[in-house]
1. Which residues, counting only those in region 35-85, are open to solvent by less than 20 Å² (accessible area, probe 1.4 Å) and β-branched (Val, Ile, Thr)?
2. I'm checking my understanding of the structure. Among residues of region 104-127 that are of a type in the set (Ser, Thr, Tyr) and farther than 16 Å from Thr78 by Cβ, which one is modelled with the highest pLDDT?
3. Do we find a residue being outside any strand (DSSP E or B), out of contact with any Phe, Trp or Tyr (no Cβ under 9 Å at 6 or more places or on another chain) and within 28 Å of Leu210 (Cα to Cα) anywhere in region 71-87?
4. Any chance region 94-103 includes a residue that's touching a strand residue (DSSP E or B) at 6+ places or on another chain (Cβ under 8 Å), of a type in the set (D, E, K, R) and not in a loop (DSSP other than H, G, I, E, B)?
5. Restricting attention to region 198-236, report how many residues are open to solvent by less than 50 Å² (accessible area, probe 1.4 Å) and of a type in the set (Asp, Glu).
6. Within the set of pairs 6 or more residues apart or between chains, which connect a residue that is over 23 Å from Leu201 (Cβ atoms) inside region 57-76 to a residue that is in a helix (DSSP H, G or I) and of a type in the set (A, V, I, L, M) with Cβ atoms less than 7 Å apart?
7. Six or more apart or on different chains, Cβ under 9 Å: which pairs go from a residue in region 94-116 that's charged (D, E, K, R) to one that's open to solvent by less than 30 Å² (accessible area, probe 1.4 Å) and at pLDDT below 85? Could you list them?
Amino acid sequence: MSISLAGVYARYARSQRTSLADISLSFVPGEQVAVIGPSGAGKTTLLATLACAIRPSEGIMNIFGTDPWRLPGADLHTLRASLFLAPQSPPLPPRQRVVNAVLAGRLPQWSTWQALRSLVYPIDIPAAHEALARFHLEDKLFLRCDRLSGGERQRVGLARLITSSARLLLLDEPVSALDPALAREALGVLQTEATARNATLVVSLHAVDLAMGLFDRIIGLKEGRVQFDLPRRKITDALLTDLYGAELASSYQSGPGEDPFAQPKLVRCS
């Protein structure tokens, strides 16, 4: 089922400023979308709103055929089990073992007893090992999370997604701590997983060339509003200049006959 926002306004509870203003977007099952824009554009708020972590102050939401904020509490909890939000910095307890951090992706499907039991002895170690192997971290299976580098922590957070059964995958700057080769490879793993389960994938990225190189649909946000929502081939230097400023456009601009999407240069805007 599709996901849609119509005329949505939203902001964080402690913020006096509206982070999203009059947002109307829709996503179909299996679609893969990159969201770009300068810092403070509302990318994180958009993902949190789609994850039903922030309730819009105005507008209409539809997630898998229902308005989540009209559901009883138990039904909303069930719906959230179908959503996966990966923050830029995964909340991994320092003393937790990596295997438990990865298997936390199963928590929405487990009973309280299963969750407690898995803390003592992980229920599905092979699944955690397989998920980590997709990000070249299988040797970290029983390591404590406080022994990981920033990039390893990000990849453990992504391995957690692999063990989940979510149908809407929302990733906020998921590869910001990775080098260019690992970033591209990690996003490829996520795209392959989303395709396999016909899940909708929405990823916010500061690396503009990475977004352009891997995603067919690009949403540009600025000051909480949608500046454009286009196939990547229709995004021009002028649109990027309006979104970020002339500095980005000059660094991104391709030469005559050059395909700007063939080999991403990983221009970062923050």
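The values are calculated or read from the model by the stated rules, or taken from the named source; none is laboratory data. Model, not experiment: these values are computed from the prediction. Please note: Cβ atoms are built from the backbone with ideal geometry, for glycine as well, and neighbour counts cover all protein chains shown. What goes into the accessible areas is simple: the full protein's heavy atoms, side chains included, and nothing from ligands, DNA or RNA. Shrake-Rupley method; radii C 1.70, N 1.55, O 1.52, S 1.80 Å.
1. Those that are open to solvent by less than 20 Å² (accessible area, probe 1.4 Å) and β-branched (Val, Ile, Thr): Val35, Ile36, Thr45, Thr49, Ile54, Ile63.
2. Step one: of region 104-127, the residues of a type in the set (Ser, Thr, Tyr) are 111-112, 118, 121.
Those still in the list that are farther than 16 Å from Thr78 by Cβ too: 118, 121.
On the way: Ser118: 78, Tyr121: 84.
Residue satisfying both the conditions and the ranking: Tyr121.
3. Quick first cut of region 71-87, residues outside any strand (DSSP E or B) only: 71-82, 87.
Still in the list and also out of contact with any Phe, Trp or Tyr (no Cβ under 9 Å at 6 or more places or on another chain): 71-75, 77-78, 80-81, 87.
Retained after the next criterion (residues that are within 28 Å of Leu210 (Cα to Cα)): 87.
Within region 71-87, one or more residues are outside any strand (DSSP E or B), out of contact with any Phe, Trp or Tyr (no Cβ under 9 Å at 6 or more places or on another chain) and within 28 Å of Leu210 (Cα to Cα).
4. At the first step, the residues of region 94-103 found to be touching a strand residue (DSSP E or B) at 6+ places or on another chain (Cβ under 8 Å) are 94-98.
With the extra rule that they be of a type in the set (D, E, K, R), the set shrinks to 95, 97.
The next check asks that each one be not in a loop (DSSP other than H, G, I, E, B); those that pass are 97.
So far as region 94-103 goes, yes, one or more of its residues are touching a strand residue (DSSP E or B) at 6+ places or on another chain (Cβ under 8 Å), of a type in the set (D, E, K, R) and not in a loop (DSSP other than H, G, I, E, B).
5. Selection size over region 198-236: 1.
6. Leu71/Leu79
7. Arg106/Ala115; Arg106/Ser118
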